[in-house]
Protein chains: 2
Amino acid sequence: MYRLIIDLDTKKKIPLYKQIYEYIRMEIIEGKLPYKEQLPSTRSLAVQLQVSRSTVDLAYDQLVSEGYIEAKPCKGYFVSQVEELYDGRWKRENKAEEEESPHREEKKFTYDFAPNGIDMSCFPYNVWRKMTNQIMLDHEKELFQMGDPMGDLPLRQTIAKYLHSSRMVNCKAEQIVIGAGNDYLLMLLSKVLGEGQKIAMEDVTYKRAYDVLKSMNHRIFPVEMDKRGMDLSCLEETGAGIAYVMPAHQFPLGIVMPIGRRMELLQWALEKEERYIIEDDYDSEFRYKGKPIPALQAWDQHEKVIYMGTFSKSIAPAIRISYMVLPGRLLLRFKEVCSCYASTVSRIDQRILYDFMQGGHFERHLNKMRKRYKGKHDCFLTALKSFGEKITIWGENAGLHLLIQWKSKEAKEIIKKGEEAMIKLYSVTEAYIGQEKKYENMVIAGYGGLKEEEIVKGIQILKDALAM
Amino acid sequence: MYRLIIDLDTKKKIPLYKQIYEYIRMEIIEGKLPYKEQLPSTRSLAVQLQVSRSTVDLAYDQLVSEGYIEAKPCKGYFVSQVEELYDGRWKRENKAEEEESPHREEKKFTYDFAPNGIDMSCFPYNVWRKMTNQIMLDHEKELFQMGDPMGDLPLRQTIAKYLHSSRMVNCKAEQIVIGAGNDYLLMLLSKVLGEGQKIAMEDVTYKRAYDVLKSMNHRIFPVEMDKRGMDLSCLEETGAGIAYVMPAHQFPLGIVMPIGRRMELLQWALEKEERYIIEDDYDSEFRYKGKPIPALQAWDQHEKVIYMGTFSKSIAPAIRISYMVLPGRLLLRFKEVCSCYASTVSRIDQRILYDFMQGGHFERHLNKMRKRYKGKHDCFLTALKSFGEKITIWGENAGLHLLIQWKSKEAKEIIKKGEEAMIKLYSVTEAYIGQEKKYENMVIAGYGGLKEEEIVKGIQILKDALAM
């Protein structure tokens, strides 16, 4: 029998059983204790090492648990077959390296007219924080348990009411699916529709949705737009079964799809059973003139519209709560194919949002933001007046961005000169998904994340830069 | 020109412009104002209705925005082509119905031995709440902005350290992807691996993972297990390229994969470039004897193991934070194909968890829970002793459930009699994915969610019920 010469160090912090375990383990790994070799009995090893028998028992138990040795009844402990070690050795010193990841070289612009910028400066953080605190006092145990895969019903009921009153969307709470962001919901929707769908998208469009849908193995058909939105004869030609549109405020062009085109689109969907319309209502809360344009879904009598909305613009991108409204038939299919996915939004977050909406804070916040963004929007338009007849502006009166076209300058040049002056503007070409080139001379400029004085200064700097 | 006879009600709460807008809109919808009909000028309508011209302007603007009418320069306003209304009419009265969804008829058992039950009674809610509060004071603005799609780096660094010290997992923070639950991470992983993979899973296994992987269009091959875990010759026969295993504590059988089998499995993965092992380390935190079994990933020198873990068991299912560690090559692929998906975990939640771990609260909580669950585990085993030789117990010393087999009774009968006595036990058959039937006489009994006295009483009631 193999004699174990273990040098126990009673001063070490490591428990004695672990020292024994580790010693034997290394002996086996290094092949010094070969397969089938018998180990000393726990009693004799305890005597030899002058430790209690239970210490040796613990060490042997651990070795048995991990499969290094085997216990044969009435015979003793034997080394298991482990010598063919993967790659021959165990990296003793492979610590998780704690290097900082190299910081991405992000150019810092003085004023960044990012189209996805939002203004968080008057978000009611105090309210949100107090609610969070209260919720965790009142509902702690319940909220740490698993919830409904589609989202908790009270929040879905509140969203249904909100959608009805603000967007004229017709739905029951049961049709609403809550998920951690639009990307995730598009992944779920892809499962519901089945992969490999032919999906028509406006060209130009929201590139992120395009990327996600493409990544879910759908075939995407870019469809030309006229000034009323997606061109329906082009849509028909593609043979697509699903149309992804942004009727309330197309991104990036800012087109509002007029009622006539909406009716034609719904008619298109009606013609074949498997046709659907995905309505992305991403920033419909912000309209600065008149009342909001109702959702396309509001006109849908035949369950043809999948309505998608988000709190990314109206509250904050970081809260990761979006929702979609599924027509009845797709709802059944969702239950069939998606019930295996647990909800991606924590119940605490769902509850905070519920309280925030129920307490009227969401509406107040929206009203405040609408005013604030309108201020920025108006200020931006005023600042742009200094360009006089040199520019044309598109997509005003809604959303958080404008499109600007210089009559005698190319967008590329504008953006380049802007960048040199540390002013960041964006190119429509980033929203291209097809062959369409007719908007390439437009510049996208978001104002949501900038203060009014920053907008004014930014435009002033840009103007000076272009004059040079 | 059409004469509009609008009966304005100045006492109504509805603004005058809206009343005008609504009247004209309905006239168009109902076909009374036909296509191409010219509307009165804003000036003449204002005079007629005795309202300010800006009121009429607002109404007309809204109608133009929504596409009901068109403005022709120097000519006036004309009705657009909208008469072919979708389904002929507009449902004036379609309110979102606010019915409560019918409550699911869930049988309430006196004692539910659910294998996914956890004990939240000593969760440090106060600490969590205070941290949440503090975080929202300190980091509010920053945390409401969009974060890294893979999760925020500080949290990933903390998880990397934790995995190294507790599970001997070797990884850099950069390899970690944080997501809202294992289901979601498996969806992402499916994108990374490519759909239609051949995936081998232990039969029996964690059914939820099976459902998710199946839903992602992979072909799943059930592989028989022996007492050391997945049978490798069976694995080889399937032709699968990916093996999904739970080496630390197989669900539901509780098998610890011994070192020898682990090496063989790693060797299997090495044989072909495209082979990978998914290690689901779902409840490895809870081991009641000796020290934790290191992760399989700890032995992986060739980037063959995709390690997955979750805070569902160690904190709470509702917090929706899981993580996976991607080998280098898959990490590159992740960045190619998944960078379009925004993170599904809110940055606030990520920051709370970060503070919770950094402050040592996670470790303390784990230690407390390990003791508590060990108490329940021991208490359960003691209670089961009253069955004497009639039963065999499997999968003890780890996790939050046991397997019990009655020698002369079928599992079906036990479960049925238990249910009649309001004691809920679970069948292994729910974990079947293939033809395997050899475990069908085992009963799964979780103890995580029950108090010690409930475990004792539950077993007593079960015993009485079986004696009848």
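The values are calculated or read from the model by the stated rules, or taken from the named source; none is laboratory data. Predicted model only: the values in this text are computed from it and were never measured. So basically every Cβ, Gly included, is an ideal-geometry build from the backbone, and we count neighbours across all protein chains shown. Surface accessibility is based on the protein's heavy atoms, side chains included, excluding ligands, DNA and RNA. Shrake-Rupley method; radii C 1.70, N 1.55, O 1.52, S 1.80 Å.
Details
- Number of positions in the range A:214-231 that are of a type in the set (A, V, I, L, M), at pLDDT below 95, more than 23 Å from residue A:401 (Cα to Cα) and touching a strand residue (DSSP E or B) at 6+ places or on another chain (Cβ under 9 Å): 0
- All conditions in (1) open to solvent by less than 30 Å² (accessible area, probe 1.4 Å); (2) closer than 27 Å to residue B:220 by Cβ; (3) in contact with a helix residue (DSSP H, G or I) (Cβ under 8 Å, 6 or more places away or on another chain) hold for residue B:455, with the sole exception of (2).
- From the options B:321, B:306, B:277, residue that is in contact with a Phe, Trp or Tyr (Cβ under 7 Å, 6 or more places away or on another chain), among the hydrophobic types (A, V, I, L, M, F, W, C) and at pLDDT 95 or above: B:306
- Test: residue in the range B:54-71 that is away from chain A (no Cβ under 13 Å) and open to solvent by 60 Å² or more (accessible area, probe 1.4 Å): no
- All positions within the range A:316-330 that are part of a loop (DSSP other than H, G, I, E, B) and crowded, with 22+ Cβ neighbours inside 10 Å: A:316, A:320, A:321, A:326
- Check on residue A:346, at pLDDT below 90, under 29 Å from residue A:136 (Cβ atoms) and open to solvent by 40 Å² or more (accessible area, probe 1.4 Å): no
- Summed over the range A:108-136, the residues that are without any contact (Cβ under 8 Å) to a residue 40 or more places away in the chain and either open to solvent by less than 30 Å² (accessible area, probe 1.4 Å) or in contact with a Lys or Arg (Cβ under 7 Å, 6 or more places away or on another chain) (or both) give a count of 3.
- Residues in the range A:331-341 that are open to solvent by 10 Å² or more (accessible area, probe 1.4 Å) and either among the basic types (Lys, Arg) or touching an Asp or Glu at 6+ places or on another chain (Cβ under 9 Å) (or both): 5 in all.
- Cβ-Cβ under 9 Å pairs, at least 6 apart or on other chains, the range A:374-391 side over 14 Å from residue A:453 (Cβ atoms), far side loosely packed, with under 13 Cβ neighbours inside 10 Å and of a type outside the set (D, E, K, R): A:390/A:408
- Among residues of the range B:297-311 that are under 15 Å from residue B:261 (Cβ atoms) and within 12 Å of chain A (Cβ to nearest Cβ), those with a beta-carbon under 8 Å from a residue that is among the aromatic types (Phe, Trp, Tyr) and open to solvent by 10 Å² or more (accessible area, probe 1.4 Å) at least six positions away or on a different chain give the pairs B:299/A:90.
- Looking across A:181, A:147, A:194, one residue alone is out of contact with any Leu (no Cβ under 7 Å at 6 or more places or on another chain), facing chain B (nearest Cβ under 7 Å), open to solvent by 10 Å² or more (accessible area, probe 1.4 Å) and small (Gly, Ala, Ser). It is A:147.
- Of everything in the range A:389-421 that is open to solvent by less than 40 Å² (accessible area, probe 1.4 Å) and in a helix (DSSP H, G or I), the residue that is nearest to residue A:110 (Cα to Cα) is A:418.
- Matching residues in the range A:360-391 - criterion: being closer than 16 Å to residue A:161 by Cβ and either modelled with pLDDT under 90 or in contact with an Asp or Glu (Cβ under 6 Å, 6 or more places away or on another chain) (or both): A:366
- Filter result (part of a helix (DSSP H, G or I) and open to solvent by less than 50 Å² (accessible area, probe 1.4 Å)) within the range B:422-437: B:428, B:431
- Only one of B:189, B:163, B:155 that is at the interface with chain A (Cβ under 8 Å from one of its Cβ atoms), in contact (Cβ under 8 Å) with a residue 40 or more places away in the chain and crowded, with 23+ Cβ neighbours inside 10 Å: B:163
- Residue in the range A:365-388 that is more than 27 Å from residue A:320 (Cα to Cα), of a type in the set (A, V, I, L, M) and not in a helix (DSSP H, G or I) present: no
- With respect to (1) out of contact with any Asp or Glu (no Cβ under 6 Å at 6 or more places or on another chain); (2) assigned to a helix (DSSP H, G or I), the lone exception for residue B:131 is condition (1).
- Scanning the range B:204-220 for residues that are among the acidic types (Asp, Glu) and either more than 14 Å from the chain's Cα centre (by Cα) or under 15 Å from residue B:428 (Cα atoms) (or both) gives no hits.
- Check on residue B:449, surrounded by 16 or more Cβ atoms within 10 Å (Cβ to Cβ), in a helix (DSSP H, G or I) and not acidic (Asp, Glu): no
- Restricting the range A:234-273 to residues that are small (Gly, Ala, Ser) and farther than 25 Å from residue A:429 by Cβ, the residue that is farthest from the other protein chains (Cβ to nearest Cβ): A:239
- Test: residue in the range A:191-207 that is in a loop (DSSP other than H, G, I, E, B) and among the hydroxyl-bearing types (Ser, Thr, Tyr): yes
- The range A:181-205 - residue that is of a type in the set (Gly, Ala, Ser) and touching a helix residue (DSSP H, G or I) at 6+ places or on another chain (Cβ under 8 Å) and, of those, modelled with the lowest pLDDT: A:190
- The range B:1-36, subset touching a helix residue (DSSP H, G or I) at 6+ places or on another chain (Cβ under 9 Å) and of a type in the set (D, E, K, R), residue most open to solvent (accessible area, probe 1.4 Å): B:3
- Test: residue B:101 is surrounded by fewer than 16 Cβ atoms within 10 Å (Cβ to Cβ), modelled with pLDDT of 70 or more and of a type in the set (Gly, Ala, Ser): no
- So residue B:463, is it touching a helix residue (DSSP H, G or I) at 6+ places or on another chain (Cβ under 7 Å) and either open to solvent by 10 Å² or more (accessible area, probe 1.4 Å) or under 25 Å from residue B:200 (Cα atoms) (or both): yes
- Residues (in contact with a Leu (Cβ under 9 Å, 6 or more places away or on another chain) and more than 28 Å from residue B:342 (Cα to Cα)) located in the range A:292-316: A:299, A:300, A:301, A:302, A:303
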